[in-house]
1. Return the only residue of F100, F10 being modelled with pLDDT under 95 and not acidic (D, E).
2. Out of the stretch 162-188, which residues are crowded, with 19+ Cβ neighbours inside 10 Å, more than 13 Å from the ligand (Cβ to nearest atom) and within 12 Å of the chain's Cα centre (by Cα)?
3. Given the structure, is D196 in contact (Cβ under 8 Å) with a residue 40 or more places away in the chain, of a type in the set (D, E, K, R) and farther than 25 Å from D46 by Cβ?
4. I'd like the full set of residues that are over 16 Å from the mean Cα position of the chain (by Cα) and over 16 Å from L115 (Cα atoms), limited to the stretch 195-215.
5. Of the residues A67, A40, A90, A44, which single one is within 16 Å of the ligand (Cβ to nearest atom) and surrounded by fewer than 18 Cβ atoms within 10 Å (Cβ to Cβ)?
6. What's the number of the only condition in (1) out of contact with any helix residue (DSSP H, G or I) (no Cβ under 6 Å at 6 or more places or on another chain); (2) surrounded by 19 or more Cβ atoms within 10 Å (Cβ to Cβ) that S141 fails to meet?
7. Would you be able to tell me the number of residues in the stretch 217-233 that are of a type outside the set (A, V, I, L, M), over 17 Å from K146 (Cβ atoms) and over 15 Å from the mean Cα position of the chain (by Cα)?
8. Identify the single condition in (1) in contact with a strand residue (DSSP E or B) (Cβ under 7 Å, 6 or more places away or on another chain); (2) more than 16 Å from the ligand (Cβ to nearest atom); (3) under 18 Å from I106 (Cβ atoms) that P191 does not satisfy, given that it satisfies every other one.
Amino acid sequence: MVNFSNLLQFLSLQSPLGSDSTNSTLNLAKMGITAYTLPALPYAYDALEPHISAQIMELHHSKHHQAYVTNLNKALEAHVTAVAQGDVAAQIALQQAIKFNGGGHINHSLFWKNLAPAGSDEASLDRASTLVKEIEKTWGSFDQFKAAFSAALLGIQGSGWGWLVREAGNGAGLRIVTTKDQDPVVGGDVPIFGVDMWEHAYYLQYLNGKAAYVENIWNVINWKTAEDRFAGRSEEKTEL
Ligand SMILES: [Fe+2]
């Protein structure tokens, strides 16, 4: 919740507000708003090799994800200012930046946690017995689900994500969805796991071999995290 008394006090001390974007985190703190920060990876950069290279993981996390966080904080700072100044046009102009960078932050935060080193206990399907039963009920077999999910990933045009979600509502069934660019899963659906299909997620290692990236990603899915999300045991935020 925006603390407007802090904001107005802050505005009175700044001229112009937020002209130095590197101070976004500090500025948001002065407004009484907690800035978003890059979460640490739950494993080392080389932990997903050979399926995802250390070089990709380091760039993806420390550069790409960091950029989403930095630009989200900048956009939020500008938005708070626009609200305080009653500038509706400026608020509207900021919506796309908030959506893109906020979605990028949410999606990558979920992605890191739904990956695990190949061969680890968490990467074993045995850790998702309840989820696998529901998958088999929905798609007939795990292999048929895997084929359908892989086809959905490879069918994404341009940049986007593929997700297994537990639908909102009474039925709460499983569904495969794709989202464009950095659009997150919204509307109450719960992301069970997602796969980043931006070229920055695979190109340095797989070049144009997108199908090989999709085939290998199955070796590093964190089924424990997937089971926890399916069972509603996860405390992760999936929306801003
Ligand atoms: Fe990414």
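The values are calculated or read from the model by the stated rules, or taken from the named source; none is laboratory data. All values reported here derive from a predicted model rather than from experimental measurement. With ideal geometry, Cβ positions are generated from the backbone for all residues, glycine too; neighbour counts draw on all protein chains shown.
1. Values: F100 fails: modelled with pLDDT under 95.
Unique residue meeting the criteria: F10.
2. W163, V185
3. Numbers: in contact (Cβ under 8 Å) with a residue 40 or more places away in the chain: yes; of a type in the set (D, E, K, R): yes; farther than 25 Å from D46 by Cβ: no.
Considered against the rule, which asks whether it is in contact (Cβ under 8 Å) with a residue 40 or more places away in the chain, of a type in the set (D, E, K, R) and farther than 25 Å from D46 by Cβ, D196 comes out as no.
4. The answer is Y203, L204, Q205, Y206, L207, N208, G209, K210, A211, A212.
5. Details: A40 fails: within 16 Å of the ligand (Cβ to nearest atom); A90 fails: within 16 Å of the ligand (Cβ to nearest atom); A44 fails: within 16 Å of the ligand (Cβ to nearest atom).
The match here is A67.
6. The number of the failed condition is (2).
7. To start, the set of residues in the stretch 217-233 that are of a type outside the set (A, V, I, L, M) comprises 218-219, 222-225, 227-230, 232-233.
Remaining after also requiring over 17 Å from K146 (Cβ atoms): 224-225, 228-229, 232-233.
Those left that are additionally over 15 Å from the mean Cα position of the chain (by Cα): 224, 228, 232-233.
The number of residues fulfilling the criteria is 4.
8. P191 satisfies every listed condition except (2).
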